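Each value in this text was obtained by applying a stated rule to the coordinates, not by laboratory testing. Please read these numbers as outputs of a predicted model, since none were measured by experiment. Glycine also receives a Cβ, built like all others from the backbone with ideal geometry; neighbour counts cover every protein chain displayed.
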Amino acid sequence: MRPSSTQPARWWFITRKHPPALGGMERLSYELLTRMSLRRPTTELVLRRRAWALPLFMTTAAARLLVGCLKGEVAFVHLSDGVLAPLALIARMFRVPVGVTLHGLDVVYDALAYRAWRKAFLRGFDVYVCISEATRAAACDVGLPSRRLRVIGIGVNAAIPSHGPMRETDCLLFVGRLVRRKGLAWFVRHVLPSLARARPQLRLVVLGDGPEREAIISSARDVGVADRLVWPASRDDATKELWLCRATLCIMPNVPVHGDMEGFGIVALEAAAAACVVVAADLEGLREAVAEGRAGTLVPAADALAWIRTLSELLDDAARRDQAGENARRYVLQHFQWDAVVDAYECAFTQAILARHLRLVR
């Protein structure tokens, strides 16, 4: 039996990904915490510093969670990703049900030490929320129990405008972290030169940073398109929304990388919500975010000729782009609302709590 407390038991949300940092994980954490707190009593433990502070955050979060459990103030714990999995050990000591959201990389990362860590800690959760069917399949592949896996996608901010400055005719946009799986270095080397030769005014706006930045710049210099890259100084949400309203097309040229994956691809939803046509690699979670023919166009990953052909056709056909953009906007605003996402999370957590209770009383 848990210790009694004068405070009502709350749902605890623990996350290391949160604004002002930018990204899909950060957006999901923000929307889930903000919207769930309007529905029921919650406690939020949030890492608001850079990654270097994670060990200290894990220690303080563990201490606070232990105290909360001792006081009987914890009804459920949600961990925002698999990296936080060791914290579940504390909740389990007090028979508190625990859920975790899996994003993809936290499942498939293939380093030997991480595989051992995953085997030790990413077990025994009452519910695993996978952000896509691709993530669910990866979770099954590493032996997580299929009966406890739930697929709940990501939402989109309906406030993103679909209008603004006149949309440009020769502007490609990339938004995301500059890592190998995003495929931008590949795109710059193998696709952009052909497009640039045919379209003297074409430019590629890059909103992102990361370890692949120098490789991308080097590739651009090697193939003579360095002058076609535009690197805005700001990468905040306002800048992103501005370019989503100006760009001709938004590209997501992901490539397969062993031990890494795209769990979903929230940029596809954000672009579609702004009526900016998305062209994405037919790969992993991007298939669900883009939903071929409804929220964008899928192209075989790492197939340069297919990418050149698809982008050339869309750049040449303004009427087709306009219609595709409006269709995509209607589709994502109908199917990817944040309130529906939080509804699904609340249902999954409630079921997990009930299932744990039933197991305890048998």
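Here are the numbers for the structure shown:
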read-out	value
DSSP-defined beta bridges in the range 171-335 - what % are antiparallel, rounded to 5	0 percent
Residue among Leu112, Leu102, Leu298 with the largest mean-square fluctuation in a Gaussian network model of the chain, springs linking Cα atoms under 10 Å	Leu112
The range 16-70: trypsin sites (Lys or Arg not before Pro) falling in loop per DSSP and having at most 14 other Cβ within 10 Å	Arg39, Arg48, Arg49, Arg50
Residue order, fewest to most beta carbons within 10 Å, for Lys71, Lys119, Lys182	Lys119, Lys71, Lys182
Distance between the range 320-337 and the range 65-135 - C-alpha centres, whole angstrom	35 Å
Percent RCO, i.e. relative contact order, over the range 171-335, from Cα pairs under 8 Å lying at least 6 residues apart	23 percent
Gain in span if fully extended, Ala113 to Leu38, counting 0.36 nm per residue against the direct Cα distance	23.1 nm
Proximal charge balance of Val225 [Cβ under 13 Å; K/R count +1, D/E count -1]	+4
Non-local Lys pairs in the chain, i.e. 8 or more apart or on different chains, that have alpha carbons under 24 Å apart	4
Local net charge near Tyr331, Cβ-Cβ under 12 Å (Lys/Arg +1, Asp/Glu -1)	+1
Sum of side-chain charges, Thr59 neighbourhood, beta-carbon under 14 Å (Lys, Arg +1; Asp, Glu -1)	+3
Projected-area mean, the range 66-107, by convex hull of Cα positions, square nanometres	2.7 nm²
The range 171-335 - convex hull of alpha carbons, volume per residue in Å³	102 Å³
P(r) of the chain over all Cα-Cα pairs, binned every 10 Å from zero, in whole percent	5, 24, 31, 22, 12, 5, 1, 0
